Structure formats: structure tokens, C-alpha cells
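A.B. asks: First, the structure itself, so that you have it in front of you.
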Amino acid sequence: MQEALNLREVLSVLSKASPYAVSTERNSTSQSLLDEIKSYLYIQMPIETAVNETISSFGANEKKVLFLCGSSGDGKSELLTRAKVKYGQRVNFHLDATHSFDPQENAIQTLDNLFNEFENQSRPLVVGINTGMLGNYAEEGSNEFFRKVIKNYLDNVEDTANVTFINFEDYPKFDIDEVGYTSEFVQLLLERLTAVSGNLIRQIYDKDKLNNLDEESKKLHANYELLCLPLVQKTIIELLFKARLMRDQFLTARSLLDFILTLVAGPNYLFDNLFAGGDNELANKIIEFDPAHLRTKKIDRFILSNDLLLPDEDFQEFKSYLTSIGIVNQLNSQSYLRLFYILKNGEFANNYHQKFVKDFNESLIERYVDIFQLHRDFDNSIEQKKRIKEFYNNILRAAIRKYNNRNAPNLDKSHYLISELNGFQLVAKLEIKADLKNILNYPAKSSSSFTACLKVEDHSLTIPININLLNLMTKIVDGYRPNKHDKNTVVLLDELLEDIAQVANHSKTLHIFKEHHQITVKNVDDEEFEVSGM
């Protein structure tokens, strides 16, 4: 007979502190309810297919090796635990190369022994290993063959004969497709967690809602109800994608499960838990996107009206519906704004929240996705050329000129400041335009950046564009001047300007400006100089 657990206890299986956070080989005949929950929530992703196909291709007596690489918490142990059930009879598995499991040895020594044993027998070997440990073994390991194989992979990202590497980094959790951005993994997990039928968690929620009527339980139930809404799930995925693009935050299975637990079982309502930070790495990044810090005319007017308890029939109707799903009627203005934000992607109650949709506009992400798609799918068609040139002319080239000439606003559009000394400005006239033919040579390797290609005179230059640089360039075009807080992003623009300066230094014509005077120096056939404007 299975134990009776309430909803909070069942959800605890999601915690990174839970014994279920790290997969171990358990006795399959004595599964508990929490084992069933964990098994139900497991999502098979393309990397598992690749791993299984590789292992199944190993002959029983072939000396072949598979390294499954990744970061801590991305699911290596869980995936290999399942693979071991299928292939353990003919393949040796070492599930976690991070630990030695022997107090007399460290992890490197354990791998030395593992590799030496492999060389003395005739069975395939599968090793789950963190990318950092790969680097450590390449430096400190004793088995010369595996040191070279691993170093070759780290340096060149390529397999060696009979040794295959499959890396979670090659299977990103987010993707930009023809429609927009997606995260199949997050979407499937949220759908499974909240499914109406065949869902043990939903069944326990229904019982819990009937049996536990204290305030904390009601809050838990309201949070689960909110998580079940597709529009809320869409906002959560949007925020995770934003954290990936803007804060370079990787998503692992363990951190995501713990994050979802924080949202549902945290101390406050889901919309406040979402922006409360804490010890979860995802929550700590998303806190930076708290909509309660936004200030627009409409938002300020709402805060003032709510704080002064001014009458608003539509809002009263909206709050009445909130009460019906267990959300109390005395939230502060910041909490209401967060609630409006998580509901912005669809209809809810009387749609009062939609009054603020434009205030929560995420046009930067949409613009980045659009420009990313144009580069990734560029086919040289007239329509694509027209659209992609808008980015090069109105954002990239305009930002380069404004940033480069920030101390020389007097210069014409085609003039670029090379240096300034004692009030004399040394300037080159340059033609900078999109190098569309070169775009196809730089396919995007991940959704986090793409390569923009420029033609400066007859030189081809490139610059990696991420969402932060796109945001900075857009602000520069609008008159913003970067400061110390932009140093991590503006360095990309500085490197491009150094390359442009190299091209300018070889220009045959240079201009010298001093107040309203201009002198032009022209190199004629490398034999003489023409000087005009004296």
C-alpha cells in the first residue's frame, strides 16, 4: 500500500535538495509514490535518443567508449541510469566521474583505474562526466591515450576513432524556429506537471484541495492553478529565455525543477515568488526582470489609484475572480503588477490585465529573434535583403558611427574619427555597408548570438551580436552614451572599431579638422601627397 502524501510533500521531489535530485540505481521492485512522480515527470529529449543510438551500435566485445558530457544537474546520471537498465548486460557504465566513491582515491585516480581496466578487457564503456572534469583529466590524468583523446575533443570538438563524445551543450534547451523562440523541454515538463488526465500530481492536488483548507494550503492550490494556465507557462518560458539571452544563464533539469518548486510552494503567490530571487540560480537572474520596477504613465496611475483605494469597477470585478481561485483580495500594487505581467500572454477573467500589455512590451526579444532568423535563414532574396539592410543601416552602422564619433558630433555621416590631438581631428571617409555575401559563411551555432558581416571599403569584418549588444546599439542610436555598467557588452563594439581603424589607417585620403577648418591629404600613387584646404 502506497503512503498518503499531500501536495506539498509530493512537490518536494522537485527540490534540488531532495534525494531524488541526483539519480541513483534504485531497486525497481520497491518504488515509492515519489519514485512514480519522478518517473512520470521524466522527459525524453533528443540527446537521449543520440545516446541510446550510440550505445546500441556498440558490439558486445568492441572496445568503444562514449563520454556523455555536460554541466552539473543537466541530467547525465538520470539518462545513463535508464540506459544502464537497457544495455548494462553488455556495456560497462561509470555514471558519475565527478566522485571517486572510494575514500582512498580522488576522482582522477578513479578514472585512471577505470581506463586501465577498460584497456585490459573487451567491453564497451560509457562514462558520464562534467566538462570541467574532462579538462582536469586532460591535465592531471595518468592514462596517456585518454588524456590525448580528451584534450583533442576539448581543443577541436571532434571524436577520436572508437571514442565518441555527446555533450548537452550541443542540445540547447531553447531554439529559435520560423515562428519565434521555443523550449520543448520546459514546455513538455510544465504540460506534464499540470496535465488534466493521467497525472498523479493533479490527482493529489484535487484531494489536497478538498482536505486542506488552511491559508498556506490555499496559497499552494492557487499557485498550482496559475501554473496550469498556458498563458502563465508562456510567460515563464519567456522569462527563462530572457535570462538565457541577457544574463547567459544556462538551464539544467535540476535547476528548472527546483525553480518550479519555488514558484508553486514558495512563501508567496506564484507571481511574487517568480521575482523573489533566493538560492535558485534561475530565480536569481529573473529577479532582474521584475515588472514592478517598470514606470510608465499607465502603471504609475494604477499604483496611485490602488494605493488610494480609488473606485474602479473593472478592477473590482477582476479581483472578485481572483478570490474565486483562492487569491486574497488585499495584494499590494507591486504584486498586482506582477500578476498582470504573468497573464499578459492571453485572456483571464474580465481581461483587466490587458490594459498593461503595451507597458510590458518585450520588443527587444522580438527584434532580436527577427534579426537572428534573418541571418540564420538568409537566402539572398530581395525581400530578405530589404529587411536585413534595415538592421545594418539603421542600427549597426548608425551605432558604429555614433559611438566612434561620440567626441566629434560635427562629422558627416561617412566620416569616421581616427584620433584627436590638441584639437586636431584626424578623420577618414569610409564606406561601411552590409556584407551580405559573407553571411552564409557564418551560420549561427546557438540562439544566444549571430554574426553580423560588414564590408568596410574592400575589407570584410565581422562582429558577434547578442541581445545585450543589440540593446546597447539601439540605445546608442537613440542618443545613449555607454558607461562603466556597459563594459562587458561595449567591448565587442570596441573590438570592431579597432578593426575599422586599421582599415582607415590605410586610406589614401585623410582629413584633418580643426574647428571650422578642414585640410585634406591625399596619397597619389604612393609617390606624392596632394594637400588641399590650406
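The values are calculated or read from the model by the stated rules, or taken from the named source; none is laboratory data. It should be emphasised that the depicted structure is a prediction, and the values quoted were computed from it without experimental measurement. For neighbour counting, all protein chains shown are included, and Cβ atoms are generated from backbone atoms with ideal geometry for every residue, glycine included. Note: areas computed on protein heavy atoms with side chains; ligands, DNA, RNA excluded. Shrake-Rupley method; radii C 1.70, N 1.55, O 1.52, S 1.80 Å.
A.B. asks: Determine, yes or no, whether T462 is in a strand (DSSP E or B), surrounded by fewer than 18 Cβ atoms within 10 Å (Cβ to Cβ) and touching a Phe, Trp or Tyr at 6+ places or on another chain (Cβ under 9 Å).
C.D. replies: When the stated conditions are applied, T462 passes them.
A.B. asks: Within region 214-259, can you find the residues that are over 30 Å from N488 (Cα atoms), aliphatic (A, V, I, L, M) and either surrounded by fewer than 21 Cβ atoms within 10 Å (Cβ to Cβ) or touching a Ser or Thr at 6+ places or on another chain (Cβ under 7 Å) (or both)?
C.D. replies: A222, L227, L229, L231
A.B. asks: How do the helices (runs of 4 or more DSSP H) wholly within region 90-162 filter down when requiring 3 or more residues that are within 19 Å of L68 (Cβ to Cβ) and touching a Leu at 6+ places or on another chain (Cβ under 8 Å): which remain?
C.D. replies: Fully inside region 90-162 and qualifying: 131-140, 144-156.
A.B. asks: OK, next. Can you tell me which condition G346 does not meet? The list is (1) open to solvent by 50 Å² or more (accessible area, probe 1.4 Å); (2) within 23 Å of F241 (Cα to Cα), and all the others hold.
C.D. replies: (1)
A.B. asks: Among the residues of region 497-517, are any among the basic types (K, R), over 23 Å from the mean Cα position of the chain (by Cα), surrounded by 10 or more Cβ atoms within 10 Å (Cβ to Cβ) and over 20 Å from N410 (Cβ atoms)?
C.D. replies: yes
A.B. asks: Also, quick follow-up: Among residues belonging to region 273-318 that are part of a loop (DSSP other than H, G, I, E, B) and touching a residue at least 60 places away in the same chain (Cβ under 8 Å), point out the one that is farthest from V232 (Cα to Cα).
C.D. replies: Among residues in region 273-318 that are part of a loop (DSSP other than H, G, I, E, B) and touching a residue at least 60 places away in the same chain (Cβ under 8 Å), the one farthest from V232 (Cα to Cα) is T296.
A.B. asks: Scan region 233-247 and report the pairs whose first residue is under 18 Å from L470 (Cα atoms) and in contact (Cβ under 8 Å) with a residue 24 or more places away in the chain and whose second residue is open to solvent by 10 Å² or more (accessible area, probe 1.4 Å) and aliphatic (A, V, I, L, M), with Cβ atoms within less than 8 Å and a gap of 6+ or a chain change.
C.D. replies: Listed pairs, sorted by first residue: R244/L251.
A.B. asks: What number goes with the only condition from (1) under 17 Å from L374 (Cα atoms); (2) open to solvent by 80 Å² or more (accessible area, probe 1.4 Å) that R481 does not pass?
C.D. replies: (1)
A.B. asks: Quick test for you: out of Q109, Q104, pick the one residue that is surrounded by 14 or more Cβ atoms within 10 Å (Cβ to Cβ) and out of contact with any strand residue (DSSP E or B) (no Cβ under 8 Å at 6 or more places or on another chain).
C.D. replies: Q109
A.B. asks: Of the residues that make up region 225-233, is at least one within 17 Å of the chain's Cα centre (by Cα) and either outside any helix (DSSP H, G or I) or modelled with pLDDT of 95 or more (or both)?
C.D. replies: The answer is yes; a qualifying residue exists.
A.B. asks: Which of the following residues is open to solvent by 60 Å² or more (accessible area, probe 1.4 Å) and closer than 19 Å to V51 by Cα: R123, R147?
C.D. replies: When all the criteria are applied, what remains is R123.
A.B. asks: From the list T451, T509, T474, pick out the single residue that is modelled with pLDDT under 95, of a type in the set (S, T, Y) and out of contact with any Cys (no Cβ under 8 Å at 6 or more places or on another chain).
C.D. replies: Just one listed residue meets the conditions, T509.
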